[in-house]
Amino acid sequence: MSTFVQPAATAQGVAVYGAVAEFASPESLLAAIRGARERGYTRLDAFTPFPVHGIDEALGARRSPLGWIVLGAGLAGTAAALLLIWWTGAVDYPLVVAGKPLFAFEFSIPVTFELAVLFAAFGAVVGMFAFNGLPRLYHPVFQHSRFERATDDKFLLAIEADAGGFDAAGAAEFLRGLGGEHVEVIAE
Amino acid sequence: MADIAISQELNPALVLGEPNYADVTRKVSGIVEGRMPRAWYVAIACTGSLTLMLGAMLAYLAFTGIGVWGNNSPVGWAWDITNFVFWIGIGHAGTLISAILFLFRQRWRTSINRFAEAMTLFAVACAGIFPLFHTGRPWRAIYWLFPVPNPALHIWQNFRSPLIWDVFAVSTYATVSALFWYTGLVPDLATLRDRAKTRGRKIVFGLLSLGWRGSARHWKHYELAYLLLAGISTPLVLSVHTIVSFDFAVSVIPGWHTTIFPPYFVAGAIFSGFAMVVTLMVIARQVFDLKQFVTMKHLENMCKVMMATSMIVGFAYATEFFIAWYSGNRYERFVFLNRAFGPYWWAYWTMVSCNVFIPQLFWLKRVRTSIPAMFVISILINVGMWFERFVIIVTSLHRDFLPSSWGYFRPTAVDILTLTGSFGLFLTLFLLFVRFLPMISMAEVKGMLAADAAHPEERP
């Protein structure tokens, strides 16, 4: 079986995204990732219907820094709440109600907690999508003829083109050697 | 062999029939891609009519004034706040299942979390209506509820009041629940996008899934985001009903001014929320044939949670009486005797029967594995939990410090129709959810199947 190469990918001057192959199970995907890394490929990505356990270690991915974003957002929420309660109650419109102080930490706790949580949740969700480069409605890998299986029951592995002299045909051949099926070279 | 048999007896499988990944996709996506059963159309015709009635009642109130409700001095809060606390409580099961059970690695949550989270959102939407319309002028309420600069009065909220804490708690809860729910939905929306046959569905699910492609990098950030959301939602869900209870506990009304309220309200909220999940899940699992994913083990676990929270609530009822006697405070004592034996005795004993006595039937395995029994009990629990809020609010107010102003609250027709209409809104939103979005998290179920395949010895 010969590699399917998209017509656009062979045209002169069109950049190649990479070679993409399909694997049947998480285990065969992980084995293929390890094989590709041993061979020296570094720009790898996998497309899977659910988070595959152990894939980050296999890809050598670093831990997500999202926690720091969430911490920062939570602290910003805390500060915003305290500032809001202090400024509205004790500065802009000081009004004594029931003989209570104009500002105190005690009665500020509920609103401060809620705004900290609110900001942190936005930090987690917005930060996650930003790290992932989403929303991005188009990506070259969508051109793979069986991409729809990657959100269903199959596992795709991409060897992405790097800066200089990427041998797409060689990468495709290598993926087939690892047991990949439906190997395709995809244009950028 | 014997070991395996015992292990299955103690820990039955969470997904039956050993489906592969494609089976999960086909089964769950098939529901939203296929035609709905006839019962769905009948149901939405009924609930849609009730929703229209809710709209009519609220319009009537906005044009006439809140005198169309039965609350009047001394009972200034009545069905409106009862309904508000009732609906907020229903919402708590969703976040408990999606966040707290996630942190505790309770894998049985996987099949039911999406469903329960959707329920949370719709319940909070119903809850929000009541205080909003209780203001009488909902179009002005933004200036009263949120710190929005008020061009007419140049005045701000009083942050010393628990009522403003409540606004922040409930609106944060609604927002964070929506974010959590949507984040969980994105990978499944991508599945629907890739399965879409028509151009319209491709565009809609393409936009909603934000271009999700299940990349290893995506999942890395996604899994951490989900864990962090669970971590911050856990104290959030406990805080929401705590702060709702402050609306009462921070006041000086006998019957409200007690420190037991926060844990007692949170337990009651989880109790009623699980009851609502069971009521709706029993129907959905039957109509859409989801018995493979929502097994008897799931239902039995939910019955156990209801039984545990029922006893917490019952213990709280008893503690309130003990403290009323032990405090030596005659006003406190009067309020509690009046609750159980005064003019609202029927409401009090309905509450105790439905919330404390009837759920004790779940001690029997035959009852907690019987679908008709759990369906009926779950509905009775929600009746009881509605009465709990009614009892707390109305019986504490109707005989206040001044005997000359004592009264007896009676709901008006508008009260009754508005509550009925809010059920219509809740169920309509729910029916639209099961029609258009996958009600079981496909990505999570597949992840669980993969974990079972990789570690068969740990398989529950």
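Table for the structure above
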item: Residue count, region B:63-102 (criterion: among the hydrophobic types (A, V, I, L, M, F, W, C) and not in a helix (DSSP H, G or I)); result: 4
item: Sole exception among (1) more than 7 Å from every other protein chain (Cβ to nearest Cβ); (2) modelled with pLDDT under 90 for B:Arg213, by number; result: (1)
item: B:Tyr348 surrounded by fewer than 23 Cβ atoms within 10 Å (Cβ to Cβ) and either in a helix (DSSP H, G or I) or within 14 Å of another protein chain (Cβ to nearest Cβ) (or both); result: yes
item: Single match in B:Arg107, B:Arg137 (criterion: of a type in the set (Lys, Arg) and in contact with a Pro (Cβ under 8 Å, 6 or more places away or on another chain)); result: B:Arg107
item: Looking only at region B:256-306, and only at residues there that are farther than 23 Å from B:Val240 by Cα and among the β-branched types (Val, Ile, Thr), the one that is surrounded by the most Cβ atoms within 10 Å (Cβ to Cβ); result: B:Val294
item: Hits in region B:182-199 - residues which are free of Cβ contacts under 8 Å to residues at least 60 places away in the same chain, more than 29 Å from A:Ala120 (Cβ to Cβ) and at the interface with chain A (Cβ under 7 Å from one of its Cβ atoms); result: B:Asp194
item: Options B:Thr172, B:Thr191, B:Thr183; residue that is closer than 26 Å to B:Phe436 by Cβ and crowded, with 21+ Cβ neighbours inside 10 Å; result: B:Thr191
item: Number of the condition not met by A:Ala150 [criteria: (1) of a type in the set (A, V, I, L, M); (2) in a helix (DSSP H, G or I); (3) more than 20 Å from B:Leu189 (Cβ to Cβ); (4) under 21 Å from the mean Cα position of the chain (by Cα)]; result: (3)
item: Number of the exception - B:Ala373 against (1) in contact (Cβ under 8 Å) with a residue 60 or more places away in the chain; (2) surrounded by 16 or more Cβ atoms within 10 Å (Cβ to Cβ); result: (1)
item: Residues within region A:90-149 that are of a type in the set (D, E, K, R), surrounded by fewer than 18 Cβ atoms within 10 Å (Cβ to Cβ) and more than 7 Å from chain B (Cβ to nearest Cβ), tallied; result: 2
item: Conditions (1) in contact with a helix residue (DSSP H, G or I) (Cβ under 6 Å, 6 or more places away or on another chain); (2) more than 9 Å from chain A (Cβ to nearest Cβ): number failed by B:Arg137; result: (1)
item: Index of the failed condition, B:Arg109 passing every other in (1) within 14 Å of chain A (Cβ to nearest Cβ); (2) assigned to a helix (DSSP H, G or I); (3) surrounded by 22 or more Cβ atoms within 10 Å (Cβ to Cβ); (4) not hydrophobic (A, V, I, L, M, F, W, C); result: (1)
item: Given (1) over 27 Å from the mean Cα position of the chain (by Cα); (2) assigned to a helix (DSSP H, G or I); (3) surrounded by fewer than 20 Cβ atoms within 10 Å (Cβ to Cβ), number of the condition B:Pro235 does not satisfy; result: (1)
item: Looking only at region B:14-62, and only at residues there that are part of a loop (DSSP other than H, G, I, E, B) and more than 27 Å from the chain's Cα centre (by Cα), the one that is modelled with the highest pLDDT; result: B:Arg35
item: Per-region count, region A:51-72, residues surrounded by 14 or more Cβ atoms within 10 Å (Cβ to Cβ), within 10 Å of another protein chain (Cβ to nearest Cβ) and part of a helix (DSSP H, G or I); result: 8
item: Near pairs, Cβ below 8 angstrom, 6+ apart or cross-chain, from region A:33-48 (more than 12 Å from chain B (Cβ to nearest Cβ) and more than 23 Å from B:Pro187 (Cβ to Cβ)) to any residue that is of a type outside the set (D, E, K, R) and assigned to a loop (DSSP other than H, G, I, E, B); result: A:Gly35/A:Leu178; A:Ala36/A:Leu178; A:Arg37/A:Gly60
item: Residue under evaluation B:Leu179, criteria (1) at pLDDT 90 or above; (2) more than 7 Å from chain A (Cβ to nearest Cβ), criterion not met; result: (2)
item: Check on B:Lys202, more than 7 Å from chain A (Cβ to nearest Cβ) and outside any helix (DSSP H, G or I); result: no
item: Test for B:Leu153: is it in a loop (DSSP other than H, G, I, E, B), surrounded by fewer than 20 Cβ atoms within 10 Å (Cβ to Cβ), among the hydrophobic types (A, V, I, L, M, F, W, C) and in contact with a helix residue (DSSP H, G or I) (Cβ under 8 Å, 6 or more places away or on another chain); result: yes
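Table: residues versus (1) surrounded by fewer than 22 Cβ atoms within 10 Å (Cβ to Cβ); (2) closer than 20 Å to A:Phe119 by Cβ; (3) not small (Gly, Ala, Ser).
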residue	(1), (2), (3)
B:Gly214	no, no, no
B:Trp219	no, no, yes
B:Ser245	no, no, no
B:Ala249	yes, no, no
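The values are calculated or read from the model by the stated rules, or taken from the named source; none is laboratory data. The model shown is predicted, which means the values in this text are computed figures rather than measured ones. Backbone-built Cβ (ideal geometry, glycine too); neighbour counts: all protein chains shown.
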